[in-house]
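S.K.: There's a structure below that I have some questions on.
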Amino acid sequence: MAGKKVIITGVPGVGKTSVIDGTIQKLQDEGVLYQNINFGTFMFEVAQKDGIVSDRDQMRTLAKDTQKRLQKLASQAIAKIDGNVIIDTHASVKTATGFLAGLPEWVIRELMPDIIVLVETDADQILKRRFSDLSRTRDIEGFRDIDAHQQFNRSVAAAYAMVSGCTVQYIANADFLLEQAVLQLSSILR
Ligand code: AMP
Ligand code: MG
């Protein structure tokens, strides 16, 4: 039987990776296995080999066409993976010239997910998490910019549902409530 393909998105700093790690662990304890696939890592491996970036956070500053080339290669490689997969990625990426769709038509048709999840929380919590994550180069922006980005992500997710027939689910990852986000995501994936 074909596996389940679930795409997890959320603005930088919302805590997607923590929610995914917690969920994969919880489901594994129950005997439900998911592979954890990070879309950005697939892009970064190619970008690094090409010598165009030395850090994953530099990718969103590359020329738009370069980002799209890396995106296409990543989606083709990820589409070949069998079994249950969680794909950690972005509904949209904030670039110098505006929001770049994370799953444009040629990507969404390649991946054909069952579900797209948007991990969200309040802008002030996201900004605080960005400040405290010293392992990454996170964009420091105002609350309104973060709100606008989350809003754009909901809009563009509707377009992804139209193309692929997937469902769209919003999950809150509020301060001190990571466990609830994990429970909610687990119940969707189980
Ligand atoms: P992350 O570790 O999830 O923040 O991803 C690192 C970087 O990978 C992002 O800042 C983007 O530059 C890139 N990236 C990840 N997913 C996508 C996507 N679907 N489309 C375009 N770029 C992406
Ligand atoms: Mg992450």
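Every number here is computed from the coordinates shown, using simple stated rules; none is lab data. Here the structure is a predicted model, which means the values were calculated and not measured. Here the Cβ positions follow ideal geometry from the backbone for every residue, glycine too, while neighbour counts run over all protein chains shown.
S.K.: Calculate for the chain the 222 nm mean residue ellipticity that helices alone would give, adding -39,500 (n - 2.57) per DSSP H run of length 4 or more and normalising by residue count, nearest 500 deg cm²/dmol. List each step's numbers first, then the result.
M.R.: Numbers: 7 runs with 92 residues, N = 190.
One gets -15500 deg cm²/dmol as the mean residue ellipticity at 222 nm.
S.K.: A further question on this structure: Mean shadow of segment 81-126, computed from the convex hull of its alpha carbons, in nm²?
M.R.: Working: hull surface 18.5 nm².
Its average projected convex-hull area is 4.6 nm².
S.K.: Using a Gaussian network model of the chain with C-alpha springs under 10 Å, which one of Thr89, Thr121, Thr97 is most mobile by mean-square fluctuation?
M.R.: So, out of Thr89, Thr121, Thr97, the one fluctuating most is Thr97.
S.K.: Quick check: Cα centre of segment 40-118 to Cα centre of segment 1-24, how many Å?
M.R.: 15
S.K.: How would segment 48-98 be classified by its alpha-carbon gyration tensor: rounded, prolate or oblate, with rounded meaning a/c under 1.5 and the a/b versus b/c comparison settling the rest? Please list the in-between numbers first.
M.R.: Values: a/c = 2.14, a/b = 1.60, b/c = 1.34.
Since a/c reaches 1.5 and a/b is larger than b/c, the shape of segment 48-98 is classed as prolate.
S.K.: Separate question: Counting DSSP beta bridges in segment 1-108, what percent are antiparallel, to the nearest 5?
M.R.: Details: 4 of 12 bridges.
The antiparallel proportion sits near 35 percent.
S.K.: Taking a virtual spin label 7 Å from the Cα of Met112 along the C-beta vector, which residues in segment 1-25 bring their backbone nitrogen under 12 Å of it?
M.R.: Only 2-3, 5 fall inside the zone, counting backbone N under 12 Å.
S.K.: Another question, if that's okay. Hey, rough spin-label estimate for Thr66 and Ile188, points 7 angstrom out along Cα→Cβ, what's it come to in nanometres?
M.R.: So the label points at Thr66 and Ile188 sit 3.3 nm apart.
S.K.: Anyone know which of Val19, Val107, Val163 comes out most mobile in the 10 Å Cα GNM of the chain?
M.R.: Val163
S.K.: Going through the DSSP H helices of the chain, which span 18 Å or more along their own axis at the Cα atoms while scoring at least -0.5 as a mean Kyte-Doolittle hydropathy?
M.R.: 143-164
S.K.: Oh, and also: Efficiency by 1/(1 + (r/R0)^6): what FRET value for Leu73 and Lys128, r their Cβ-Cβ distance, R0 = 35 Å, to the nearest 0.05? Can you show the working numbers first?
M.R.: Values: r = 35 Å, r/R0 = 0.99.
E(calc), rounded to 0.05, equals 0.50.
S.K.: Another question about this same structure. So, in nm, how far is label Lys80 from label Thr41 when the simple model puts each one 7 Å beyond its Cα toward the Cβ?
M.R.: 1.7
S.K.: What length, rounded to one decimal in nm, is gained on full extension from Glu179 through to Glu30, with 0.36 nm per residue of separation minus their alpha-carbon distance? Show your work: numbers first, answer last.
M.R.: On the way: separation 149, 0.36 × 149 = 53.64 nm, distance 1.62 nm.
Result: 52.0 nm gained on full extension.
S.K.: Still on this structure, please answer the following. Under a plain spin-label model, where a point goes 7 Å from the Cα along Cα-to-Cβ, how far apart in nm are Gln151 and Asp50?
M.R.: 3.3
S.K.: Further question: What shape does segment 20-143 take by its C-alpha gyration tensor, where a ≥ b ≥ c are the square roots of the eigenvalues and a/c under 1.5 counts as rounded, a/b above b/c as prolate, and the rest as oblate?
M.R.: Working: a/c = 1.64, a/b = 1.11, b/c = 1.47.
Taking the square roots of the gyration eigenvalues as a ≥ b ≥ c, segment 20-143 is oblate.
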